[in-house]
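Data first, discussion second: the structure below is written as structure tokens.
The values are calculated or read from the model by the stated rules, or taken from the named source; none is laboratory data. All values reported here derive from a predicted model rather than from experimental measurement. Cβ placement follows ideal geometry from the backbone for every residue including glycine, while neighbour counts extend to all protein chains displayed.
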Amino acid sequence: MDIKVIALILDSEVALSYFLNVHVYEKISDEAQLYELMKEPVWSKLNDRVFVEKLIHLANHYNSMQKMPEPVNSIPRLAMFLAIIRPGKKHLIGLPWSEVAKTVWEKDSEGYIFKKSHSVSYAHLVVVHMNLLSSSVSQE
């Protein structure tokens, strides 16, 4: 899903609060700032352990991210990564994205998994948080 589509969906404060975890939401002053924070992040920051350890949903998963043979450098890949760090899909860590994509969204009986819609939403939240952290660092 395109960031612009997500931005259109977030048309009210209620929708905004459901989309964003409260601690991230508290740092966003208005809808205009949210739209700015939804821009493409600097994906290479995901190679920085200190930065990743500050990110919502990724803080404890730097090592798993480093096991991926290809970078997390897009919303779809980030969504898949968020799905494979769940117990039901951990066996996919370390596989190429083309292999992960074949089964990551299939429901199975082995442990907790994320639905694709949840993963994509959380991926957008991580992007907002990445940009929020990056903008606060550049302002210091």
Query raised in the report: Can you name every residue in region 95-109 that is surrounded by 10 or more Cβ atoms within 10 Å (Cβ to Cβ) and either farther than 13 Å from PHE81 by Cα or of a type in the set (A, V, I, L, M, F, W, C) (or both)?
Result: LEU95, TRP97, VAL100, ALA101, LYS102, VAL104, TRP105
Query - Selected residue (criterion: nearest to the chain's Cα centre (by Cα)) from residues of region 110-125 that are under 13 Å from ARG86 (Cα atoms) and free of Cβ contacts under 8 Å to residues at least 40 places away in the same chain - result: HIS118
Requested in this report: Look through LYS45, LYS89, LYS27, LYS67 and report the one residue that is at pLDDT 95 or above and over 14 Å from the mean Cα position of the chain (by Cα).
Outcome: LYS67
Requested in this report: Return the total of residues in region 92-111 being modelled with pLDDT of 95 or more, small (Gly, Ala, Ser) and not in a helix (DSSP H, G or I).
Outcome: 1
Report summary line: Residue set LEU133, LEU82; condition more than 13 Å from the chain's Cα centre (by Cα), in a helix (DSSP H, G or I), under 18 Å from LYS45 (Cβ atoms) and aliphatic (A, V, I, L, M); output residue LEU133
Query raised in the report: Looking at region 36-53, which of its residues are more than 14 Å from LEU78 (Cβ to Cβ) and surrounded by fewer than 17 Cβ atoms within 10 Å (Cβ to Cβ)?
Result: GLU36, LYS39, ASP48, ARG49, VAL50, GLU53
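Listed here are the residues, each with its yes/no results for (1) out of contact with any His (no Cβ under 9 Å at 6 or more places or on another chain); (2) under 22 Å from HIS23 (Cβ atoms); (3) basic (Lys, Arg).
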{"position": "LEU46", "(1), (2), (3)": "yes, yes, no"}
{"position": "PHE51", "(1), (2), (3)": "yes, yes, no"}
{"position": "ALA59", "(1), (2), (3)": "yes, yes, no"}
{"position": "TYR62", "(1), (2), (3)": "yes, yes, no"}
{"position": "GLN66", "(1), (2), (3)": "yes, no, no"}
{"position": "ALA79", "(1), (2), (3)": "no, yes, no"}
{"position": "HIS91", "(1), (2), (3)": "yes, no, no"}
{"position": "LEU95", "(1), (2), (3)": "yes, no, no"}
{"position": "VAL104", "(1), (2), (3)": "yes, no, no"}
Report summary line: Flagged in region 66-92 as of a type in the set (D, E, K, R), under 16 Å from ASP48 (Cα atoms) and buried (at least 20 other Cβ atoms within 10 Å of the Cβ), in numbering order, are none
Query raised in the report: In region 118-140, what residues are at pLDDT 90 or above and more than 17 Å from HIS23 (Cα to Cα)?
Result: SER119, VAL120
